[in-house]
1. Got the relative contact order for the range 7-65 handy, in percent, Cα pairs under 8 Å and 6 or more residues apart?
2. Provide the solvent-accessible area of VAL55, counting protein heavy atoms only and rolling a 1.4 Å probe, rounded to the nearest 10 Å².
3. Note down the nm distance, to one decimal, between modelled labels 7 Å out along Cα→Cβ at ASP36 and at ALA230.
4. Would you work out the relative contact order for the chain, in percent, from Cα pairs under 8 angstrom that are 6 or more residues apart?
5. Across the chain, how many lysine pairs separated by 8 or more positions, or lying on different chains, have Cα atoms within less than 17 Å?
6. Could you please report the charge total around LEU47, scoring K, R as +1 and D, E as -1 over all other residues with beta-carbon less than 14 angstrom from its beta-carbon?
7. Between GLU91 and GLU209, 0.36 nm times their residue separation minus their Cα-Cα distance comes to what?
8. If a/c stays under 1.5 just call it rounded; otherwise compare a/b with b/c (prolate if a/b is bigger, oblate if not). Do that for the range 1-69, with a ≥ b ≥ c from the square roots of the Cα gyration tensor eigenvalues.
Amino acid sequence: MTGPARFTLISHILCPYVQRAVITLKELDVSYKRIDIDLTNKPEWFLALSPLGKVPLLVVDDETVIFESEVICEYLNEANQGKLLAEDALEKAEQRAWIEFASTTLSIIAQLYNAPDKAVFSQLQEKLEHLGQTLEDNLVQAEYFSSNEFSLVDAAFAPAFRYLPLFESLSKEQFFQHLPKLALWAQYLLSRPSVIEAVSEHYQQQLMEFLAKRESYLGQLAQNQLATKAVK
């Protein structure tokens, strides 16, 4: 193969794992084509490409398909001589472990927006707060996870933090209120251009509409808010 690789990202407008890949592409200043699909009506061509039927997919030079967000991010970093992961083997292993921790955090967030009632929502919020305390205990006093340099660990966590403002607005509950290092880290991440540009300017409305379609505690709150806006 000669010349730079051509990348096509198969994605969904809200998927947090897609956001990880987009953030990485933007941090590396890599050109790419993006194709958003409807995950409730997956195209046959997508199912033929995706071994797991999930996004993101990265198609390299129109022939090689890579799946799973962290594999995609690591490949992009390596293929483009990026510095988003440590070179030292042990430090890199630590970073990968925290990226897996970020995936666990996203799993709890998905359970939160599917929680059937306030009691279950509160139980899951407590689990999320416990994860937050673990992060607080491991954060250094810096802009990003372990230093003042952005890494794939930060790219992995940023989409998780993006959910919380709407969750707080709907539930009137605060997340990570007593975790100052974590709150500052989230603030740095959500103000970074690559993170901002990983979703559309209509993200909050799209997320609200996504929640309103769910038979859950947050879904009902989102339905009520949309109905109130419609009356005004």
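The values are calculated or read from the model by the stated rules, or taken from the named source; none is laboratory data. Fair warning: this is a prediction, and the values are worked out from it, not measured in the lab. Counting neighbours? That spans all protein chains shown, and the Cβs are built from the backbone with ideal geometry, glycine included. With ligands, DNA and RNA removed, areas are computed over all heavy atoms of the protein, side chains included. Shrake-Rupley method; radii C 1.70, N 1.55, O 1.52, S 1.80 Å.
1. Working: 66 pairs, mean separation 31.1, N = 59.
RCO, the range 7-65: 53 percent.
2. Roughly 20 Å² of VAL55 is accessible to a 1.4 Å probe.
3. 2.2
4. Working: 284 pairs, mean separation 50.2, N = 232.
Contact order relative to length: 22 percent.
5. Values: LYS26/LYS83; LYS42/LYS54; LYS83/LYS92; LYS118/LYS127; LYS118/LYS172; LYS213/LYS229.
Taking the Cα cut-off of 17 Å, the pair count is 6.
6. Details: positive: LYS42, LYS54; negative: ASP38, GLU44.
Charge balance near LEU47 sits at 0.
7. Working: separation 118, 0.36 × 118 = 42.48 nm, distance 4.03 nm.
That works out to 38.4 nm of additional length.
8. Numbers: a/c = 2.20, a/b = 1.31, b/c = 1.68.
It is oblate, given that a/c is not under 1.5 and a/b is not larger than b/c.
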